[in-house]
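Student: Below is one structure. I have some questions about it.
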Amino acid sequence: MDSSQYLVNWALTWYTLMFQPKYDNFFTKENVFRHHTMKFQLFLEDLPTLESLKRTRPDLYVEILTCRSCENQLKDFMYLFMCKKCHSKLQQILTSYLNHLIQKLKEASDTANCNYSSQIDRITSLLCWTFSSSNWSSYSLVRGCLPTAFLESFENLGIPHLTAMNVVAAIHNNFVNKFCKRIWNSRLYNKGIWEHAINITSKLKQSSRPKGLSKSSYLPYSSLPPLTHVDSRDSRTNWLMNSMKYRLSWFNHMSGFMGRLMMLLNNSFCRMECQF
């Protein structure tokens, strides 16, 4: 098997989504809800980007609007990571993710008193560490669709399965926290200022959407890997994968709920931050 192949481990993915980091100075009880919401929004590609807002509220966000940072591209989930205004920051966070994995692998090898170079080579050979418009694996990583290689690299060093799951989940949650603080929060703040300037008020955003509006022609980008790259191991992970693939009713309900929930949260946070 090609060591650079990105095989999604759905059991690890779900475990990481449900994982709750330990409370410390950087992860307090106050931001638990926001953190879990961000994880699921990334996973469902349901961040309230400009293109998604055009679909949900075309009466407020008209079709001709483009990315506020570069002003010449559609602001969808994919472009959030390619925009020149945040691409370098995101690449730094991604590099930090890789370094964190390598550090933990080194610690595991020191404990087991064995060579870890082959495990490092396997991790670094994955194509998910650089963003490009055609590299779906990097978007899968950001979304939390984690590869089997992460888990097996620790297990090959003698780390028990559950311990390895916890280590990988903690590392990914640290990445999500950095993404939220360094990229998404600043985007929300700028979005709030821009909406205020064009008079898209909180009252308008919380109002009911007018009936009879034509739907946006935008089709959302999906970074889910081809089925040939999916590593499903049991009925539970098959159920999760099929729900995503075929858009089953519970999955659609969760996606819609998370979108509406984050719209309300965004309104609150924008009002709070704009006061400062």
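Nothing in this text is a laboratory measurement; each read-out follows from the coordinates by a stated rule. Quick caveat: nothing in here was measured; it's all calculated off a predicted structure. Cβ: placed from backbone, ideal geometry, glycine included. Neighbour counts: every protein chain shown.
Student: Give the order of C145, C128 when sorted by the count of other beta carbons within 10 angstrom, beginning with the fewest.
Tutor: On the way: C145 28, C128 23.
Exposure proxy ranking, most exposed first: C128, C145.
Student: Quick one: order K106, K191 by neighbouring beta-carbon count within 10 Å, fewest to most.
Tutor: Placing the least packed residue first, the sequence is K106, K191.
Student: Starting from the amide H of N9, placed 1.01 Å from N in the peptide plane, find each other amide H under 5 Å away whose residue is 5 or more places distant or on another chain.
Tutor: L146, T148
Student: When ranked by the protection proxy of mean other Cβ atoms within 10 Å per residue, highest first, what sequence do the peptides 30-41, 192-203 form?
Tutor: 30-41, 192-203
Student: Pop out the Kirkwood hydrodynamic radius of the range 8-183 from its pairwise C-alpha distances, inverse of mean 1/r, in Å to one decimal. Can you show the working numbers first?
Tutor: Numbers: mean 1/r = 0.0573 Å⁻¹.
This gives a value of 17.4 Å.
Student: Hey, another quick one. Pairs on different chains or at least eight residues apart, Cα atoms closer than 17 Å: how many lysine pairs in the range 8-183 fit?
Tutor: 14
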